Amino acid sequence: MQAWFMDDSNEDQRLPHHRNPNEPVSLDYLSELGVLYWKLNPDNYENDSELGKIREERGYDYMDLLDLCPEKVSNYEEKLNNFFTEHIHKDEEIRYCLAGSGYFDVRDKDDRWIRIWMKPGDLIVLPAGIYHRFTLDTTNYIKLMRLFVGEPVWTPYNRPQEDHPIRAQQSTKAVVKNFPITKSSHRGVRVFDDVIWDLNCRDAVKLRVTVFMPYEH
């Protein structure tokens with residue numbers, strides 16, 4: 001998988017839209033936004049133990065396959081335009097590319113577009129509440145596996161959605177690196193690893209206890 005910051009051109013959405021010079025985006029940066037990634041074997045997806053493990057651990061009990069191309073989708077242009085309209089979902093969006101290729105675009109915390117180029121074997125998870133969109137590239141074909149927890153809900157909420165509960169929840173989160181907690185403030189513990197700190201107090205405590213370690217004098 002490759003990812004990069006997009007330019008501001010209004011050219012064909014199926015073009016790469018690299019900046020000049022190109023500005024690649026790392027998997028680490030994507031993970032800070034909540035985007036998860038796995039590289040799997042698309043030729044063995046029906047019997048892939050690694051895919052099965054991911055589904056079991058994350059509760060993805062629903063699965064279907066989607067062939068997206070002009071020959072197989074009615075109202076193709078209309079649907080592609082809908083996919084490319086910036087929106088959020090109240091649940092994760094999980095997509096596994098089995099053939100072909102296409103682009104998922106996501107907004108970072110500074111509202112910049114990041115283009116993620118998916119090819120066979122790429123599985124990504126977009127977190128609930130992240131602004132995103134999708135388009136095919138110039139090959140005009142992709143075959144995707146769609147995964148979901150429980151009965152699928154594909155409802156898009158087009159931007160602006162700042163008052164949507166899932167979006168509001170996202171906006172209260174910040175990445176805190178090596179955040180020290182003194183003995184007097186929290187029973188002598190310190191955070192050694194990066195944590196996602198939800199500014200809602202109850203959730204902040206729930207997240208903290210999973211990463212705090214005893215304070216060393």
- Message: Residues that are surrounded by fewer than 15 Cβ atoms within 10 Å (Cβ to Cβ) and at pLDDT 95 or above: does the range 121-128 have at least one?
- Response: no
- Residue selected from the range 48-83 under the condition surrounded by fewer than 14 Cβ atoms within 10 Å (Cβ to Cβ) and in contact (Cβ under 8 Å) with a residue 24 or more places away in the chain, by the criterion nearest to Tyr141 (Cα to Cα): Pro70
- Test result for Asp91, in a loop (DSSP other than H, G, I, E, B), within 20 Å of the chain's Cα centre (by Cα) and at pLDDT below 95: yes
- Item | Failed condition for Ala3, given (1) in a helix (DSSP H, G or I); (2) under 17 Å from Ser101 (Cα atoms); (3) under 19 Å from the mean Cα position of the chain (by Cα) | (1)
- Query: Within the range 103-129, can you find the residues that are in contact with a helix residue (DSSP H, G or I) (Cβ under 9 Å, 6 or more places away or on another chain) and either without any contact (Cβ under 8 Å) to a residue 24 or more places away in the chain or under 20 Å from Asp64 (Cβ atoms) (or both)?
  - Reply: Pro120, Gly121, Asp122, Leu123, Ile124, Val125, Ala128
- Item | In the range 75-86, the residues that are within 16 Å of Gln13 (Cα to Cα) and not aromatic (Phe, Trp, Tyr) | Glu77, Glu78, Lys79, Leu80, Asn81, Asn82, Thr85, Glu86
- Does at least one position in the range 123-132 carry a residue that is in contact with a Cys (Cβ under 7 Å, 6 or more places away or on another chain) and not acidic (Asp, Glu)? no
- Item | Hey, Asn10 within 23 Å of Glu86 (Cβ to Cβ) and either assigned by TED's automatic domain parsing to the domain that holds Leu80 or part of a loop (DSSP other than H, G, I, E, B) (or both) or not | yes
- Message: From the list Tyr29, Tyr62, exactly one residue is hydroxyl-bearing (Ser, Thr, Tyr) and in contact with a Gly (Cβ under 9 Å, 6 or more places away or on another chain). Which is it?
- Response: Tyr62
- Give the range 15-40 a look and list any residue that's in a loop (DSSP other than H, G, I, E, B), under 20 Å from the mean Cα position of the chain (by Cα) and in contact (Cβ under 8 Å) with a residue 24 or more places away in the chain, or say none. Pro16, His17, Val25, Leu33, Gly34, Val35, Leu40
- Give just the number: which of (1) in a strand (DSSP E or B); (2) more than 16 Å from Trp154 (Cβ to Cβ); (3) not aromatic (Phe, Trp, Tyr) does Glu77 not satisfy? (1)
- Query: Checking Tyr45 against (1) surrounded by 12 or more Cβ atoms within 10 Å (Cβ to Cβ); (2) farther than 22 Å from Gly100 by Cβ, which test does it fail?
  - Reply: (2)
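The values are calculated or read from the model by the stated rules, or taken from the named source; none is laboratory data. As the structure is a prediction and not an experimental result, all values here were calculated from the model. Cβ atoms come from the backbone with ideal geometry, glycine included; neighbour counts cover every protein chain shown.
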